[in-house]
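The values are calculated or read from the model by the stated rules, or taken from the named source; none is laboratory data. What you see is a predicted model, and the numbers here were worked out from it, not measured in a lab. Cβ placement follows ideal geometry from the backbone for every residue including glycine, while neighbour counts extend to all protein chains displayed.
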Amino acid sequence: MANGNTVAENFYHQSTNKHKGILSWLLTVDHKRIGLMYLISVLTFFVVGIIIGLLMRLELIAPGKQLMEAQTYNSLFTLHGVIMIFLFIIPGLPAVFGNFFLPIQIGARDVAFPRLNLLSWYVYVVGAILALVSLFLPGGPIDTGWTFYVPYSVRSTTNVSLAIFAAFILGFSSILTGINFVTTTHRLRAPGMSFFKMPLFVWATYATAWIQIIATPVVGITILLVMIERAFGVGIFDPALGGDPILFQHLFWIYSHPAVYIMILPAMGVVSEIIPTFSRRTIFGYRAIAMSSLAIAFVGYLVWAHHMFTSGMSDTARWIFSLLTFIVALPSGVKVFNWVATMYKGSIDPKPPFLWVMNFIFLFSIGGLTGLVLGSLATDIHVHDTYFVVAHFHYVMFGGTGTIFFAALHYWFPKMFGRMYNDKLARIAVALYFIGFNMLYFPKFILGYMGMPRRYYDYLPQFEPLQRISTVGSWILAGTIFLIIGYLFHALVKGKKATSNPWGGVTLEWHIPSPPPLENFKEIPTVTHEPYDFSQLKEMKNE
Amino acid sequence: MSSTPTAHVESVDFVMLYIVGISVVLLLGITATMIYFVFKYNRKKGHQPVDIHGNFWLELIWIAIPTVLVLSMFYFGYTSFREIRDIPANAFKVKVEAMMWKFTFKYENGKQTDTLYVPINTPVHLEMTSMDVNHAFFIPAFRIKEDVIHNKVNNLYFKPEKLGKYDVACAEYCGLKHSMMYTAVKVLPKQEFDNWYAVKTNAVPNVSEVK
């Protein structure tokens with residue numbers, strides 16, 4: 001593919017099966033090829049999600065009807081949420097970059113269960129196809145919001161059952177990937193690679209994998225119960241049938257809050273890779289960062305009901321969940337402080353991946369700090385279910401994980417494809433992304449505090465100026481993302497050849513050729529260094 | 001007459017300012033330090049990087065100080081929240097019924113309206129329930145909201161201290177016309193409210209001050 005004109009020994013030319021062309025990819029068990037298959041699928045759905053977002057912003061450019069009816073708008077915000085969460089952000093970092101780099105970073109030839117790995121990609125594709133099919137069947141696209149709250153989701157005449165069944169299937173893809181990564185991390189580390197010599201991306205992906213395994217079944221069961229309720233009229237959640245709608249919210253968030261950490265933890269792991277490489281010094285507080293991932297994974301289970309402060313829960317439940325929510329903020333803070341401290345007395349070369357990380361630290365800090373407003377009871381009661389929440393989770397999910405998706409793409413692009421992209425364009429993209437992002441989402445904090453509820457097709461005239469700024473921001477941000485996809489595609493074909501270690505990284509992926517050969521290592525390395533020991537750079541030149 | 005619609009508004013706005021104030025200091029501190037390091041330790045300057053593996057006391061400090069800060073945020077948020085939860089027994093009670101896509105207000109004397117009328121400086125207790133799906137009763141100007149759920153009574157409490165008309169929005173997604181599920185709460189002078197309340201019709205009160 002990328003190195004088509006040379007006879008390089010890399011995984012693009014070496015197949016794990018006897019087939020040629022597309023079949024050699026569709027039947028591959030190579031973790032790198034599967035990672036790339038995920039990259040293509042995930043990017044496709046990301047673009048679909050962006051286009052839906054643009055349409056929504058266009059509708060909201062002024063009060064009243066602009067280009068669609070309320071029903072269409074309600075389906076669009078549901079689809080935007082479902083696509084971005086289940087098809088882009090949850091699989092984005094672990095399934096793409098985790099698949100490609102976790103085995104390499106621990107010195108393994110592949111994941112522990114290569115066939116299961118391929119199966120989880122197929123399960124993802126089946127789930128995605130079911131979600132797409134549900135859009136076009138009679139009944140129309142789902143209009144419940146991505147949270148599927150009962151009783152509305154039991155009563156809606158749209159294709160709710162098929163759409164949530166798609167989410168059920170996608171959950172299995174996530175569980176299978178989680179099982180694979182936990183086993184791989186435990187069983188396939190190279191000699192000498194003790195747990196505390198693992199790169200922090202591995203730590204983060206490992207912590208994430210546990211959440212995927214333990215939390216995902218809860219949402220699976222909940223979805224099945226909603227389907228049973230819709231099909232057979234069994235009263236589980238719908239109060240009209242004798243069920244309890246608050247029970248649904250509890251079960252939904254017992255998964256979906258930990259899922260937030262499934263989305264952000266791998267991103268945090270990528271940050272812990274990029275900062276040392278471009279500062280050319282060891283990470284500050286390795287153990288603190290590794291342990292904070294586990295702390296987040298653990299405490300993250302105990303905060304779900306902060307999504308329900310206005311649901312009418314008991315006051316005791318409210319203050320306990322408020323307190324726990326503030327506690328879970330601490331390990332994230334520890335990470336940010338350690339990252340900034342890693343730049344201290346480094347030798348910093350702010351190349352594009354590093355600039356993406358700086359972008360991340362600013363945007364994610366805003367996302368995290370506004371989370372404190374939502375953790376506090378009095379303020380949450382006011383801004384709950386308003387644009388403030390919309391702004392907050394876009395800063396965390398998109399400003400956090402989305403930004404790091406681009407950071408990871410820019411950091412590992414030379415390794416994955418063996419080509420370099422245009423440095424100047426990449427720097428311009430970072431700046432435009434920063435402007436577009438803040439223009440699109442920052443006004444929503446103010447709108448929320450002013451009292452603009454979320455999931456509104458129409459709005460009061462006093463919200464118009466800020467809504468308009470937000471819509472213009474969406475054009476800048478989307479334009480920037482298309483620019484990035486454009487120059488990366490260009491680099492695939494016309495980019496300069498990448499060396500095996502263009503940035504001067506020291507984790508194991510930088511010891512092998514770009515792109516890597518099938519099974520990664522000619523000989524399984526013996527690990528003697530700490531993960532971010534840059535004194536190796538001299539020896540590596542001779543490798 | 002008070003400068004804010006309810007005393008609770010002041011306390012919520014204070015908690016908001018407290019949290020946002022600390023957050024802005026932290027955000028600017030982190031960002032400025034990061035940018036300073038990028039310039040100061042730029043590779044172009046040719047420093048030898050120094051490997052510093054960590055510092056126990058620094059880790060302790062940046063766990064301990066944020067812990068104190070977030071606990072204080074929790075405390076202020078909780079005490080302000082208590083103000084709307086201790087509902088006086090003698091509060092003026094109104095039943096709120098939500099359905100797709102309107103609110104109905106039922107008063108104890110049998111009156112029934114689409115807009116909520118309440119007397120100034122009187123504690124008001126809303127007992128809310130839904131006829132169908134989940135809704136939420138949100139008065140942005142009062143900084144309060146609570147979900148309205150079928151087969152369940154949720155309570156909301158406020159004590160208006162300023163005359164006027166305030167928007168009420170549905171804040172829990174409830175289908176097609178969710179964004180049009182607006183009504184209002186009108187705070188009337190005590191005497192005018194009593195005059196209206198005494199008449200056994202559902203007529204809208206004829207009050208000049210209320211716009």
Exactly one of A:A295, A:A317 is small (G, A, S), more than 8 Å from every other protein chain (Cβ to nearest Cβ) and without any contact (Cβ under 8 Å) to a residue 24 or more places away in the chain, and that residue is A:A317
In region B:162-189, anything over 21 Å from A:G64 (Cα atoms) and under 16 Å from the mean Cα position of the chain (by Cα) is listed as B:Y166, B:V185
- Query: Do we have B:V38 as in contact with a Pro (Cβ under 7 Å, 6 or more places away or on another chain) and either part of a strand (DSSP E or B) or surrounded by 15 or more Cβ atoms within 10 Å (Cβ to Cβ) (or both) here?
  - Reply: yes
Checked B:T115, B:T67 against criteria (at pLDDT 95 or above, more than 10 Å from chain A (Cβ to nearest Cβ) and surrounded by fewer than 17 Cβ atoms within 10 Å (Cβ to Cβ)); the one match is B:T115
Just one listed residue, out of A:A426, A:A341, is within 14 Å of chain B (Cβ to nearest Cβ) and crowded, with 21+ Cβ neighbours inside 10 Å, and it is A:A341
Scan region A:214-224 and tell me whether some residue there is in contact with a helix residue (DSSP H, G or I) (Cβ under 9 Å, 6 or more places away or on another chain), under 30 Å from A:E523 (Cβ atoms) and of a type outside the set (K, R). no
Determine, yes or no, whether A:T147 is free of Cβ contacts under 8 Å to residues at least 60 places away in the same chain, under 26 Å from A:L247 (Cβ atoms), assigned to a loop (DSSP other than H, G, I, E, B) and out of contact with any strand residue (DSSP E or B) (no Cβ under 7 Å at 6 or more places or on another chain).
-> no
Going through (1) within 14 Å of chain B (Cβ to nearest Cβ); (2) touching a Ser or Thr at 6+ places or on another chain (Cβ under 9 Å); (3) closer than 25 Å to A:L355 by Cα one by one, A:R419 fails only at (1)
For A:Y433, the lone unmet condition from (1) assigned to a helix (DSSP H, G or I); (2) more than 21 Å from the chain's Cα centre (by Cα) is (2)
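Please determine, by comparing only the residues of region B:141-166 that are more than 7 Å from chain A (Cβ to nearest Cβ) and in a strand (DSSP E or B), which one is nearest to B:F103 (Cα to Cα).
B:V148
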If we keep only residues of region A:286-317 that are part of a helix (DSSP H, G or I) and in contact with a Ser or Thr (Cβ under 6 Å, 6 or more places away or on another chain), then the residue farthest from A:L537 (Cα to Cα) is A:H306
Checklist entry - What do you reckon, is A:L162 modelled with pLDDT under 95 and either closer than 25 Å to A:H31 by Cβ or surrounded by fewer than 24 Cβ atoms within 10 Å (Cβ to Cβ) (or both)? => result yes
Restricted to region A:50-88 and to residues being closer than 24 Å to A:L170 by Cα and polar (S, T, N, Q), the residue farthest from the other protein chains (Cβ to nearest Cβ) is A:S75
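Table: residues versus (1) away from every other protein chain (no Cβ under 14 Å); (2) in contact with a helix residue (DSSP H, G or I) (Cβ under 7 Å, 6 or more places away or on another chain); (3) part of a loop (DSSP other than H, G, I, E, B); (4) among the hydroxyl-bearing types (S, T, Y).
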position	(1), (2), (3), (4)
A:D143	no, yes, yes, no
A:L162	yes, yes, no, no
A:F181	yes, yes, no, no
A:T184	yes, yes, no, yes
A:G192	yes, no, yes, no
* Does any residue of region B:69-87 turn out to be in contact with a Ser or Thr (Cβ under 7 Å, 6 or more places away or on another chain) and farther than 29 Å from B:F137 by Cβ? -> no
Checking B:S23, B:S72 in turn, the sole residue that is free of Cβ contacts under 8 Å to residues at least 60 places away in the same chain, small (G, A, S), within 8 Å of chain A (Cβ to nearest Cβ) and farther than 30 Å from B:N121 by Cα turns out to be B:S23
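Assess whether A:I283 counts as being more than 7 Å from chain B (Cβ to nearest Cβ), touching a residue at least 24 places away in the same chain (Cβ under 8 Å) and not in a helix (DSSP H, G or I).
It is true that A:I283 is more than 7 Å from chain B (Cβ to nearest Cβ), touching a residue at least 24 places away in the same chain (Cβ under 8 Å) and not in a helix (DSSP H, G or I).
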Taking region B:93-120 and keeping only residues that are in contact with a Pro (Cβ under 7 Å, 6 or more places away or on another chain) and over 24 Å from B:A171 (Cα atoms), one is left with B:I120
A:D238: passes all of (1) surrounded by fewer than 20 Cβ atoms within 10 Å (Cβ to Cβ); (2) touching a Pro at 6+ places or on another chain (Cβ under 6 Å); (3) of a type outside the set (F, W, Y) but (1)
Restricting attention to region B:26-55, the residues that are closer than 15 Å to A:S365 by Cα and either touching a helix residue (DSSP H, G or I) at 6+ places or on another chain (Cβ under 6 Å) or at the interface with chain A (Cβ under 7 Å from one of its Cβ atoms) (or both) number exactly 6
Of A:I484, A:I469, A:I524, A:I512, the only residue that is more than 30 Å from A:K415 (Cβ to Cβ) and of a type in the set (A, V, I, L, M, F, W, C) is A:I469
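For every residue, the table says whether it meets (1) more than 26 Å from the chain's Cα centre (by Cα); (2) in contact (Cβ under 8 Å) with a residue 60 or more places away in the chain; (3) more than 21 Å from A:L119 (Cα to Cα); (4) surrounded by 20 or more Cβ atoms within 10 Å (Cβ to Cβ).
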{"position": "A:P151", "(1), (2), (3), (4)": "yes, yes, yes, yes"}
{"position": "A:T158", "(1), (2), (3), (4)": "yes, yes, yes, yes"}
{"position": "A:G171", "(1), (2), (3), (4)": "no, no, no, yes"}
{"position": "A:S174", "(1), (2), (3), (4)": "no, yes, no, yes"}
Within region A:344-373, the residues that are aromatic (F, W, Y) and either more than 7 Å from chain B (Cβ to nearest Cβ) or assigned to a strand (DSSP E or B) (or both) are A:F354, A:W356, A:F360, A:F364
